[in-house]
1. Tell me which residues come under 5 Å, amide H to amide H, from Tyr395 once H is placed; ignore anything under 5 positions away on its chain.
2. Per q in 0.14, 0.19, 0.22 Å⁻¹, report the Debye log10 I(q)/I(0) for the stretch 327-444, using one uniform scatterer on each alpha carbon and no solvent.
3. Please enumerate, by chain and number, the lysines with C-alpha under 16 Å from the C-alpha of Lys434, excluding those fewer than 8 residues away in the same chain.
4. So what's the back-of-envelope 222 nm ellipticity for the chain, counting only DSSP H runs of four-plus at -39500 (n - 2.57) apiece and dividing by all residues, rounded to 500?
5. Of the GluC sites (Glu not before Pro) in the stretch 192-276, which ones lie in a loop per DSSP and count no more than 12 other C-beta atoms within 10 Å?
6. State the antiparallel share, in %, of DSSP beta bridges confined to the chain, rounding to the nearest 5.
7. Put one equal scatterer on each alpha carbon of the chain, apply the Debye formula with no solvent term, and list log10 I(q)/I(0) at q = 0.09, 0.10 1/Å to two decimals.
8. For the stretch 118-173, just the Cα atoms, rotate onto the principal axes and tell me the three extents in Å, largest first.
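The values are calculated or read from the model by the stated rules, or taken from the named source; none is laboratory data. From a predicted model like this one, the values you see are computed outputs, not experimental measurements. Note that we place each Cβ from the backbone using ideal geometry, even for glycine, and neighbour counts take in every protein chain shown. For the accessible areas, the whole protein counts, side chains as well, though only heavy atoms, and no ligand, DNA or RNA atoms are used. Shrake-Rupley method; radii C 1.70, N 1.55, O 1.52, S 1.80 Å.
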Amino acid sequence: AVVGAGLGGSAAAYFLQQHFGPQVQLDVYEAAGVGGRLATVTVNKQQYESRGASIHALSLHMQDFVKILGLKHRREVAGKSAIFTGEHFVLEETDWYLLNLFRLWWHYGISFLRLQMWVEEVMEKFMRIYKYQAHGYAFSSLEELLHSLGGDAFVNMTQRSVAESLLEVGVTQRFVDDVIAAVLRSSYGQSVLVPAFAGAMSLAGAQGSTWAVEGGNKLVCSGLLKLTKANVIPARVTGISLHSSEGRALYQVHYESSEGQGSAFYDMVIVTTPLHPSRSNFTFENFEPPIADFPGAFQPSVTSVVHGYLNSSYFGFPDPKLFPFTSILTTDTPDLFFNAMDNICPVNISAAFRRKQPQEAAVWRVLSQQPLDKHQLKTLFRSYYSVQVTEWQTYPRYDAAKSLPPIVLHENLFYLSGVEWVASSMEMIAVAAKNVALLAYNRWHQDLEKIDQKDLMHKVKTEL
């Protein structure tokens with residue numbers, strides 16, 4: 001059984017079938033819609049991503065999924081970004097790459113180069129995971145996985161802030177306050193106190209080239225489930241109880257559907273929905289020792305998709321025709337009521353598509369911590385036709401976690417969502433799904449040589 005049909009659940013189902021073969025029987029439980037947080041909203045008969053919008057160029061599993069499923073990359077529509085303090089812009093992007101570099105250097109010295117070197121070093125080590133996974137290696141804990149990629153330094157990066165790490169490599173406080181804060185507010189809705197590893201992943205996405213799936217990123221989830229011919233059960237899982245059969249663990253999954261309550265037995269269960277008390281009221285029965293509670297909390301986050309006319313004078317442009325930006329990030333200013341906003345394109349972009357001019361009514365996505373009130377909407381928009389609000393608890397509250405959640409809850413009971421406490425992105429979830437599938441497979445076949453191996457870089461080289 002796979003609990004949840006978001007990206008984690010659909011990728012786990014796909015990888016399980018890849019390793020165990022076509023004879024594996026897969027039930028996927030999903031109470032809401034397939035795709036989880038990769039959701040879209042409809043404005044004027046067009047669909048727009050409400051969250052999980054861009055994928056980093058180095059996301060190899062996501063690239064693979066798109067290729068296997070015959071999906072396409074969405075056409076890029078260029079646009080410029082700026083960072084706003086609530087009173088003025090501290091950094092404005094131009095059409096000229098060299099001018100952008102010059103501005104960065106003029107404002108912040110070589111801080112941006114130091115940042116780039118730091119992020120590249122982290123990403124280079126992170127990319128080792130694909131080699132390990134291609135050779136069938138898996139990890140039974142997030143600490144083991146991180147350690148195999150970057151040693152103690154990577155494990156420590158989950159316990160110290162990104163601000164601390166960057167100041168240490170010579171990035172200035174001003175650069176951290178202006179640029180790093182703005183990126184983290186737009187990606188995680190949190191401050192520069194998020195752990196260094198989560199911060200590095202977010203910053204890699206902000207400075208690398210990104211892409212999205214034509215027709216919507218959620219097509220990856222429905223496509224993978226279709227490909228694996230998984231049996232999707234529209235029900236909410238309420239708990240799991242342990243039984244044994246001929247000395248082997250057997251798991252009874254209890255669920256509620258529109259037809260009432262039910263249950264089914266499985267050799268193996270992978271939970272891909274968050275198990276933190278604020279997010280689920282899951283119960284585990286008959287486990288000895290009992291499965292401990294999951295500490296930590298989630299960050300409330302609100303997406304408002306607004307179809308309307310931007311109030312450009314709030315940003316210091318009385319004439320809307322002259323407003324040049326399609327994306328506005330914000331610094332950590334107490335009075336600012338939104339984290340970021342961008343002029344978004346539909347999930348289907350035709351060859352004839354053009355972005356709306358700044359004086360025209362456009363579709364904007366505004367990210368905030370609380371729902372926007374009438375006064376705040378009037379501050380950002382001269383007038384609007386519609387507002388669609390989605391409230392989520394999207395990301396872990398990174399300052400709340402002291403340790404990382406386990407992957408193995410019991411013999412053949414695994415937890416995938418804990419990876420979000422390391423960093424949260426589509427690719428991190430895909431990496432975790434592949435790891436869980438390999439771990440489940442290696443444990444089932446007692447292939448312990450493939451689990452938690454030390455000095456893997458050396459092993460993989462000699463295998464090659």
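1. Here the answer is Gln299, since their amide H atoms fall under 5 Å of that of Tyr395.
2. Treating every Cα as an identical point scatterer, log10 I(q)/I(0) equals -0.84, -1.10, -1.28.
3. The reachable lysines, counting only those whose Cα sits under 16 Å from Lys434, are Lys131, Lys450.
4. Values: 13 runs with 142 residues, N = 464.
Using -39500 (n - 2.57) per qualifying helix, the result is -9000 deg cm²/dmol.
5. Answer by residue number: Glu246, Glu259.
6. DSSP beta bridges in the chain are roughly 75 percent antiparallel.
7. With no solvent term, the Cα-only Debye profile gives -0.62, -0.77.
8. Reported extents, whole Å, longest axis first: 42, 20, 11.
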